[in-house]
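Visitor: Structure below; questions to follow.
The values are calculated or read from the model by the stated rules, or taken from the named source; none is laboratory data. Quick caveat, the model's predicted, so the values are computed rather than measured. Virtual Cβ from ideal backbone geometry, glycine too; neighbours counted across all protein chains shown. What goes into the accessible areas is simple: the full protein's heavy atoms, side chains included, and nothing from ligands, DNA or RNA. Shrake-Rupley method; radii C 1.70, N 1.55, O 1.52, S 1.80 Å.
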Amino acid sequence: MTSDAHAASTPRRWLAAHAAGQRHWLGLAAAAGIAVGALTVAQMALLAWIVSRLLVAGEPLGALGWAFLALVVVLLARALCQWGQEVAGQEASLRIRRAIRSELLDHLAAMGPVRAGARHSAGLASQLVEQVEALDGYFARFLPQLRLSVAIPLLILLVVAWLDWLAALFLLLAAPLIPLFMALVGMGAERLNRDQFAAVSRLSGHFLDRVRGIATLQLFHRTREAGIEVHAAADRYRRLSMRTLRVAFLSSAVLEFFASVSIAVVAIYVGFGLLGYIDLGPAAELSLFSGLLVLLLAPEFFQPLRSLAQHYHDRAAALGAADGMLALLAEPLRRADGGAALPSSDERLLALEGVTLSHPGRGQVLGPLSIAVTAGETLVVSGPSGAGKSALLQLLAGFVTPDQGARRVREPLRIAWMDQRPLLIHGSLADNLRLAAPQASEAELQQALERAGLAELVAALPRGIDTGLGERGSGLSGGQAQRLALARVFLSDAELVLLDEPTASLDEASEARVVASLRRLAGEGRALVIATHHPALMAMAERRLALDAGRVCHSAGGRADER
């Protein structure tokens, strides 16, 4: 589905479309369930026949050995069909959930790191894990049971009507009450589940933000207040969960009440009919076999409807989860023409041709402009805050797709990206370095640290390169984190290195070390594109571009670029 199709889709249609892709497994689950229903009728008929032969005909127990053997065979076959129903339903659910998770991940990848990064990582994790898993009951149990709730009661109704049409009429009149109350309660449950999923996404983000900022909270003595806020958010989620459970238990109690009353009416009719107190309709023709079989089938008539009512909350949970996932899938994707790849003989590594870029709520932030990056050059992009420097680097990296124009690349082009806040994971220094080169030896790691100007610092640490870092590089200063990110660039074999304000918020000494490392990087023949307004970095430029309001207002050095 495209994003436009997702925007026009409803949760029900979206879930139905995914279910259609696994109709074979779902059909197999329903067929096994119908077989279970038919074997249940056979089981009850055998029980009623055995009791009737023992009590009415007075046959000895030994003469009914074949009937008991047939009963055992029916019970085994019924258990096997129930197992098949469960396995087929779970297989369909597993395949659909895998497809939905892949669809979400593909959409996030198509959105790119910039637009996907606008969503909270904890909320996305909740959607990809908890909300996708919430679809399990809907596909594995509710959809097969939806068919069984029609087929099995109809089968039992035909058998009861053959035995006693008046008892069948009682069952038929009582049957609509359960779906009616199930639908009434289900509408409220769907809304509650939607609110519950929204609450758990907010709680995940709230908790993750507090964990990430625990050092700052401790520094300003705000940990107690943060704990109270997390407790309040968790308590709101608890209240929503309890409201959902109250609705579930209330609906189950109502449905059990109506089913029990209906079974009791049939039991009274059969009992008084057998005693001869009722001569209405076929009551006088009731025998122990037919009366007992009707009594045994009456609970089984309502059982598929009661099971459907139990799984109806799986449907409400699935609709609530699908609502949030559809909101993500409805995010529009830009699909501009990338243009033909640059030939391998071209001196240009990458070229933007007549590109423009817009952001929601901000309008056009870049372009139209055309820029080319040649092999081995150092290009510095400057301009005031909001001029479009970061947006230009994001376009060069391919993190976003232009609204118009083309991004042409000389394939294969290896690109390295370094942000002003580099990504550092919870792990050792070696773990962070190996993000760029997983197979790098310790000697190669040490060489990269030396080139980045971190060798002396790492040598002074008690555990050296195995020293652990906290979340987001906790334990390193801003300049050390930048140089560690530069060491990763040295480890990579990237031909084009994009740097977004690499010396932002650094003191003069740290800035000088980072600039020295960048000069070493440029000396290796790699192309560097640096977005900055720091004079020390501008002095490295072989070519400079000045941006203003998203357009090139000045170009110096190298060849002229189109504006």
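Visitor: Just to check your reading of the model, which residue among ALA316, ALA321 is within 30 Å of MET111 (Cβ to Cβ), open to solvent by less than 30 Å² (accessible area, probe 1.4 Å), in contact with a helix residue (DSSP H, G or I) (Cβ under 6 Å, 6 or more places away or on another chain) and at pLDDT below 80?
Guide: Result of the check over ALA316, ALA321: ALA316.
Visitor: When residues of region 74-126 are filtered for being under 26 Å from PRO422 (Cα atoms) and not aliphatic (A, V, I, L, M), how many remain?
Guide: Number satisfying all stated conditions: 11.
Visitor: Kindly evaluate LEU80 against the criterion of being without any contact (Cβ under 8 Å) to a residue 24 or more places away in the chain, assigned to a helix (DSSP H, G or I) and open to solvent by 30 Å² or more (accessible area, probe 1.4 Å).
Guide: yes
Visitor: Could you look through region 448-458, keep only residues that are farther than 11 Å from ARG488 by Cα and either of a type outside the set (A, V, I, L, M, F, W, C) or modelled with pLDDT of 85 or more (or both), and pick out the one that is most open to solvent (accessible area, probe 1.4 Å)?
Guide: GLU456
Visitor: For region 472-479, check the following and say yes or no: at least one residue is without any contact (Cβ under 8 Å) to a residue 40 or more places away in the chain, under 27 Å from LEU413 (Cα atoms) and either in contact with a strand residue (DSSP E or B) (Cβ under 7 Å, 6 or more places away or on another chain) or surrounded by 15 or more Cβ atoms within 10 Å (Cβ to Cβ) (or both).
Guide: Scanning region 472-479, I find no residue that is without any contact (Cβ under 8 Å) to a residue 40 or more places away in the chain, under 27 Å from LEU413 (Cα atoms) and either in contact with a strand residue (DSSP E or B) (Cβ under 7 Å, 6 or more places away or on another chain) or surrounded by 15 or more Cβ atoms within 10 Å (Cβ to Cβ) (or both), so the answer is no.
Visitor: For region 42-76, which positions are touching a helix residue (DSSP H, G or I) at 6+ places or on another chain (Cβ under 7 Å) and part of a loop (DSSP other than H, G, I, E, B)?
Guide: VAL56, GLU59
Visitor: Could you say which residue among ARG98, ARG115 is of a type in the set (D, E, K, R), out of contact with any helix residue (DSSP H, G or I) (no Cβ under 8 Å at 6 or more places or on another chain), open to solvent by 40 Å² or more (accessible area, probe 1.4 Å) and at pLDDT 90 or above?
Guide: ARG98
Visitor: Which residues, counting only those in region 363-389, are among the charged types (D, E, K, R) and farther than 11 Å from ARG551 by Cα?
Guide: The answer is GLU377, and nothing else.
Visitor: Same structure again: Filter region 486-505 for residues that are out of contact with any strand residue (DSSP E or B) (no Cβ under 8 Å at 6 or more places or on another chain), open to solvent by less than 30 Å² (accessible area, probe 1.4 Å) and not β-branched (Val, Ile, Thr) and give the result.
Guide: Of everything in region 486-505, those that are out of contact with any strand residue (DSSP E or B) (no Cβ under 8 Å at 6 or more places or on another chain), open to solvent by less than 30 Å² (accessible area, probe 1.4 Å) and not β-branched (Val, Ile, Thr) turn out to be ALA487, PHE490, ALA504.
Visitor: Please enumerate the residues belonging to region 210-234 that are farther than 20 Å from SER474 by Cβ and assigned to a loop (DSSP other than H, G, I, E, B).
Guide: Of everything in region 210-234, nothing turns out to be farther than 20 Å from SER474 by Cβ and assigned to a loop (DSSP other than H, G, I, E, B).
Visitor: Can you name the number of the only condition in (1) of a type outside the set (A, V, I, L, M); (2) in a helix (DSSP H, G or I); (3) under 28 Å from ASP548 (Cβ atoms) that GLU456 fails?
Guide: All conditions pass for GLU456, except number (3).
Visitor: Under 30 Å from VAL265 (Cβ atoms), at pLDDT 80 or above and of a type in the set (A, V, I, L, M, F, W, C): is that true of LEU295 in this structure?
Guide: Here the answer is yes, as LEU295 does meet what is asked.
Visitor: Here's a follow-up. Looking only at region 42-64, decide whether some residue is among the hydrophobic types (A, V, I, L, M, F, W, C) and closer than 30 Å to LEU124 by Cα.
Guide: Looking through region 42-64, none of the residues is among the hydrophobic types (A, V, I, L, M, F, W, C) and closer than 30 Å to LEU124 by Cα.
Visitor: Scan region 418-450 residue by residue and report those that are closer than 13 Å to GLN480 by Cα and basic (Lys, Arg).
Guide: ARG421
Visitor: Does region 235-251 contain at least one residue that is over 31 Å from the mean Cα position of the chain (by Cα), modelled with pLDDT of 80 or more and surrounded by fewer than 19 Cβ atoms within 10 Å (Cβ to Cβ)?
Guide: no
Visitor: Is it fair to say GLY62 is open to solvent by 50 Å² or more (accessible area, probe 1.4 Å) and on the phi > 0 side of the Ramachandran plot?
Guide: Spelling it out, it is not the case that GLY62 is open to solvent by 50 Å² or more (accessible area, probe 1.4 Å) and on the phi > 0 side of the Ramachandran plot.
Visitor: Residues that are in contact (Cβ under 8 Å) with a residue 60 or more places away in the chain, open to solvent by less than 50 Å² (accessible area, probe 1.4 Å) and either touching a strand residue (DSSP E or B) at 6+ places or on another chain (Cβ under 8 Å) or within 21 Å of GLY320 (Cβ to Cβ) (or both): does region 18-34 have at least one?
Guide: Yes.
Visitor: Can you name every residue in region 50-76 that is touching a residue at least 40 places away in the same chain (Cβ under 8 Å) and not hydroxyl-bearing (Ser, Thr, Tyr)?
Guide: The answer is VAL51, LEU55, VAL56.
Visitor: Does region 402-433 hold any residues that are surrounded by fewer than 21 Cβ atoms within 10 Å (Cβ to Cβ), outside any strand (DSSP E or B) and among the polar types (S, T, N, Q), and which are they?
Guide: GLN420
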